[in-house]
Amino acid sequence: MNLRLVFYLYVRTQADVLGIYKAKDVEEFKPDPYLATLLNCMLWVFYGLPIVHPNSILVVTVNGIGLVVELVYLIIFFIYSTNNKRVHL
């Protein structure tokens, strides 16, 4: 698998997050893609642990980076979201 494609999965929403950061408002963006990708990374990191599946350090590394990136995206999203949008999550 090409690592650039895997990393693209995590940075594909970078423009949206930068737009949220610059506008200081989430506008019409929804947190669903960020949450889904975060959960995906969490599951793959768990799967790649040596206790569960030995010799899969690449799985942990790539998805660990994705986990951190998506967590930062969600933090930025929640900082600039209104209380009304937070309640619906």
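General remarks:
- Å² per residue, accessible surface of the chain at 1.4 Å: 70 Å²
- Per-selection Rg to Rh, the chain - Cα, Kirkwood hydrodynamic radius: 1.05
- Ranked by the mean number of other Cβ atoms within 10 Å of their residues, highest first, the peptides 53-60, 72-79 fall in the order 72-79, 53-60.
- Along the chain, the longest continuous region that contains none of the trypsin sites (Lys or Arg not before Pro) in a DSSP loop with at most 14 other C-beta atoms within 10 Å is 25-89.
- Axis angle, to the nearest 10 degrees, between helix 14-23 and the longest C-alpha principal axis of the chain: 30 degrees.
- Sum of -39500 (n - 2.57) over DSSP H runs of 4+, divided by residues of the chain (222 nm, nearest 500): -23000 deg cm²/dmol
- Using C-alpha pairs under 8 Å with a sequence gap of at least 6, the mean separation divided by the residue count of the chain gives a relative contact order of 36 percent.
- Against the chain, whose longest principal axis comes from its Cα atoms, helix 32-48 is set at around 20 degrees.
- Principal-axis tilt of helix 57-80 within the chain, Cα atoms, nearest 10 degrees: 10 degrees
- Share of carbon and sulfur in the accessible heavy-atom surface of the chain [1.4 Å probe, %]: 70 percent
The values are calculated or read from the model by the stated rules, or taken from the named source; none is laboratory data. In this text, all values refer to a predicted model and were calculated from it rather than measured experimentally. Don't worry about glycine lacking a Cβ; one is built from the backbone with ideal geometry, like all the others, and counts go over all protein chains shown. Each accessible area value is taken on the protein alone, full model and side chains, heavy atoms only, with ligands, DNA and RNA left out. Shrake-Rupley method; radii C 1.70, N 1.55, O 1.52, S 1.80 Å.
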